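The values are calculated or read from the model by the stated rules, or taken from the named source; none is laboratory data. All of these numbers come straight from a predicted model, not from anything done at the bench. Please note: Cβ atoms are built from the backbone with ideal geometry, for glycine as well, and neighbour counts cover all protein chains shown. To get the accessible areas, we keep the full protein, side chains included, count just its heavy atoms, and leave off ligands, DNA and RNA. Shrake-Rupley method; radii C 1.70, N 1.55, O 1.52, S 1.80 Å.
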Amino acid sequence: MSDRALAIVRVALVWAASALVFAVAALAFVVSFEAISAFAVQVGAFPHALRYCAPLLVDSFTTAASLVILWRYLRGDA
């Protein structure tokens, strides 16, 4: 296989893997949203009107941490 063909395959694999990771992350957020928001209201951490904030905070932190890990890897820090 030529270098050009390998480069095309590499780009396709990166895009496919990225799409899969995004789809799994989105599905995980949808599935966990109700459970996290209900728990936050049940324990009194959030009022019912702000119940959507708890899952957003959890998933935002997870996303930010993942991006930092990826950035450090790409820079060669890891």
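What's the number of the condition A49 fails, among (1) in a helix (DSSP H, G or I); (2) surrounded by 10 or more Cβ atoms within 10 Å (Cβ to Cβ)?
If we test A49 against (1) in a helix (DSSP H, G or I); (2) surrounded by 10 or more Cβ atoms within 10 Å (Cβ to Cβ), just (2) comes out false.
Cβ-Cβ distance below 8 Å, separation of 6 or more or different chains: which pairs start in the stretch 58-75 with a residue that is within 18 Å of S18 (Cα to Cα) and end on one that is among the aromatic types (F, W, Y) and open to solvent by 100 Å² or more (accessible area, probe 1.4 Å)?
Partner pairs satisfying both residue conditions: none exist.
Do the conditions hold for F33, that is, is it among the aromatic types (F, W, Y), surrounded by 11 or more Cβ atoms within 10 Å (Cβ to Cβ), in contact (Cβ under 8 Å) with a residue 24 or more places away in the chain and touching a helix residue (DSSP H, G or I) at 6+ places or on another chain (Cβ under 6 Å)?
no
A25 - would you say it is small (G, A, S) and surrounded by 10 or more Cβ atoms within 10 Å (Cβ to Cβ)? Show your work before the answer.
Numbers: small (G, A, S): yes; surrounded by 10 or more Cβ atoms within 10 Å (Cβ to Cβ): yes.
So A25 fits the description; yes.
Condition first: hydrophobic (A, V, I, L, M, F, W, C) and open to solvent by 70 Å² or more (accessible area, probe 1.4 Å). Now tell me which residues in the stretch 59-78 satisfy that.
F61, L67, V68, I69, L70, W71, L74, A78
For the stretch 16-25, state whether one or more residues are in contact (Cβ under 8 Å) with a residue 12 or more places away in the chain and not polar (S, T, N, Q).
Initial filter on the stretch 16-25 (in contact (Cβ under 8 Å) with a residue 12 or more places away in the chain): 25.
Applying the additional criterion that residues be not polar (S, T, N, Q) yields 25.
Yes, some residue in the stretch 16-25 is in contact (Cβ under 8 Å) with a residue 12 or more places away in the chain and not polar (S, T, N, Q).
Quickly run through the stretch 5-19 and pick out the residues that are over 21 Å from L70 (Cβ atoms) and open to solvent by 80 Å² or more (accessible area, probe 1.4 Å).
Result: L6, I8.
Can you say whether V43 is open to solvent by 80 Å² or more (accessible area, probe 1.4 Å), without any contact (Cβ under 8 Å) to a residue 12 or more places away in the chain and under 17 Å from the mean Cα position of the chain (by Cα), as far as the supplied structure shows?
So V43 does not fit the description; no.
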